[in-house]
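Contents: one structure, followed by commentary.
The values are calculated or read from the model by the stated rules, or taken from the named source; none is laboratory data. These numbers were taken from a predicted model, which means no experiment stands behind them. Positions of Cβ are backbone-derived with ideal geometry, glycine not excepted, and every protein chain shown enters the neighbour counts. The area values use the complete protein model at the heavy-atom level, side chains included, leaving out ligands, DNA and RNA. Shrake-Rupley method; radii C 1.70, N 1.55, O 1.52, S 1.80 Å.
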Number of protein chains: 2
Amino acid sequence: MAQSKHTGRRPGESGTREAIATAARQQFAQLGYDRTSMRSVAEQAGVDPSLVSHFFGSKQQLFVAVIELPFDPAIILPAILEGERSQAGERLVRFVLAALDQPEAGARFTAMIRSATSEPEAARLLRELVTTRLMAPIAEGLEADDAPLRAALAGSQIVGLVMARQIVGFAALAEADPETLVSALAPTLQRYLTGSLG
Amino acid sequence: MAQSKHTGRRPGESGTREAIATAARQQFAQLGYDRTSMRSVAEQAGVDPSLVSHFFGSKQQLFVAVIELPFDPAIILPAILEGERSQAGERLVRFVLAALDQPEAGARFTAMIRSATSEPEAARLLRELVTTRLMAPIAEGLEADDAPLRAALAGSQIVGLVMARQIVGFAALAEADPETLVSALAPTLQRYLTGSLG
């Protein structure tokens, strides 16, 4: 950490902060908001509990700091919008399944949905993710009518997939191979985004 | 309570038990499992906290006792399976929306899904509801191949609808009128139950 001489930071500070963030992300994903505590995060990160509040403040502030969006909309949106319009649903479900398979992005996604059932701040983040940051720009980019409803419908299926497959553990979904899920779910998302809803 | 003379029950016992059950159902639905306590249930029911454990035992036992299935499969299954096979998806979504609109059934449904994110016993109940008691018999009754996958897919959309509309509060779903939701969701459930998944 030669840099610490110049910045005035204590050696290891950013490593400690990152260890706390990683432990917090894992616990929010596996235990949900209410069963994660500042103390349990400190224990898993191997640091003194006072350091958790030193770096992050309250538990709610810790949650908001470590559970940002699990992806960058500036990269994802063009990737889903470019190409055949009739394949946008398939590109979206492939993106969701790939995100769930990445340890950090998957933990953030699961943590956000799991925590949204008890913690209003997590519910707000999830609404923002779905309505403002991801699904609404996709629905608008595809130039269908009634983009807010389309975004919410597609979001409901994605949230339901994560709940059923990752959190509640419906065996047939947890065990299905990804291509089976793509074939099953892509037409649903495609119809919600661009098809007839009437 | 003339009956109490014969049964040996204390007068008002069943009323007290029911008041506790109603308060518990409401709190599990609104707060989730972790934020519901024996004490908060007692307070809302207007009884001494010791009565909650007297009647129900532990918090987990209280949950299982008051959050039974929010409907009777013996009545629901024939109602969804009878009639045009091509309309089964519509009958299912109408049943779900009607259940969510009934105060007690709606509270049980929401409580089960909200609590399933943190409490394994609630997750088990939700899996049983979806896979064993409701969706699997429907999928089997419709005589489609791969009933377990079909049941899990339909269940994922129903769970996602409850999450998005009732728990996380996606505005476009919360504000949509029921017929709009029926039109949007029925084709999804129909395809999951009887259509091509490949």
Kirkwood Rh over alpha-carbon pairs of segment B:52-133 plugged into Stokes-Einstein at 10 °C, 1.306 mPa s gives a D in µm²/s of 114
Here Rg/Rh (Cα, Kirkwood) for segment A:125-198 equals 1.01
With N residues in segment B:83-173, Rg(alpha-carbon) / (2.2 N^0.38 Å) equals 1.10
Shortest first and in nm, the label-point separations between B:Glu140 and its counterparts in the other identical copies (7 Å out along Cα→Cβ) come to 4.8
P(r) over all Cα-Cα pairs of the protein assembly as shown, 10 Å bins from 0 to the longest distance, whole percent per bin, short to long, reads 5, 21, 29, 24, 13, 6, 2, 0, 0
Placing +1 on each Lys and Arg Cβ and -1 on each Asp and Glu Cβ in the protein assembly as shown, then taking the dipole about the Cα centre, the residue among A:Val93, A:Ser196, B:Phe56 whose Cα reaches farthest towards the positive end is B:Phe56
at B:Phe95 the sorted inter-copy label distances (label 7 Å from Cα on Cβ side), in nanometres, are 3.5
quick shape note, segment B:44-198: Cα extents on principal axes in Å, largest first -> 54, 32, 26
With one decimal in nm and the nearest listed first, the spacings from B:Ala65 to its own position in the other copies, using label points 7 Å along Cα-to-Cβ, are 4.3
Any GluC sites (Glu not before Pro) in segment B:126-198 that lie in a DSSP loop and have at most 14 other Cβ atoms within 10 Å would be B:Glu143
For chain B, averaging the sequence separation of alpha carbon pairs under 8 Å that lie six or more residues apart and dividing by its residue count, the contact order in percent is 22
Expected response for nearest chain A Cβ to the A-B rotation axis, distance in whole Å, is A:Gly160, 1
Expressed as a whole number, the average count of other chain Cβ atoms within 10 Å around the Cβ atoms of B:127-139 is 1
Scoring only Lys, Arg, Asp and Glu (+1, +1, -1, -1) among other residues with Cβ under 15 Å from the Cβ of B:Leu193 yields -2
dims of segment A:40-89, Cα set, principal axes, largest to smallest, nearest Å -> 53, 18, 14
If each K or R counts +1 and each D or E counts -1, the residues other than B:Ala19 whose Cβ falls under 13 Å of its Cβ total -2
Quick calc, B:Asp72 & B:Glu179: beta-carbon distance into FRET formula, R0 25 Å, rounding 0.05, result 0.45
If one compares the long axis through the Cα atoms of helix A:13-31 with the longest principal axis of the Cα atoms of chain A, the angle in degrees, nearest 10, works out at 50
For chain B, longest principal axis from Cα atoms; helix B:147-162 axis from its Cα atoms; angle between them, nearest 10 degrees, is 60
Residues other than B:Leu142 with Cβ under 15 Å of its Cβ, Lys/Arg counted +1 and Asp/Glu -1, net out at -3
In segment A:31-124, the GluC sites (Glu not before Pro) that sit in a DSSP loop and have at most 13 other Cβ atoms within 10 Å of their own Cβ are A:Glu68, A:Glu82, A:Glu84
Whole-percent carbon and sulfur contribution to the accessible surface of segment A:1-145 (1.4 Å, no ligands, DNA or RNA) stands at 50
Per residue of A:112-124, other chain Cβ atoms within 10 Å number on average 4
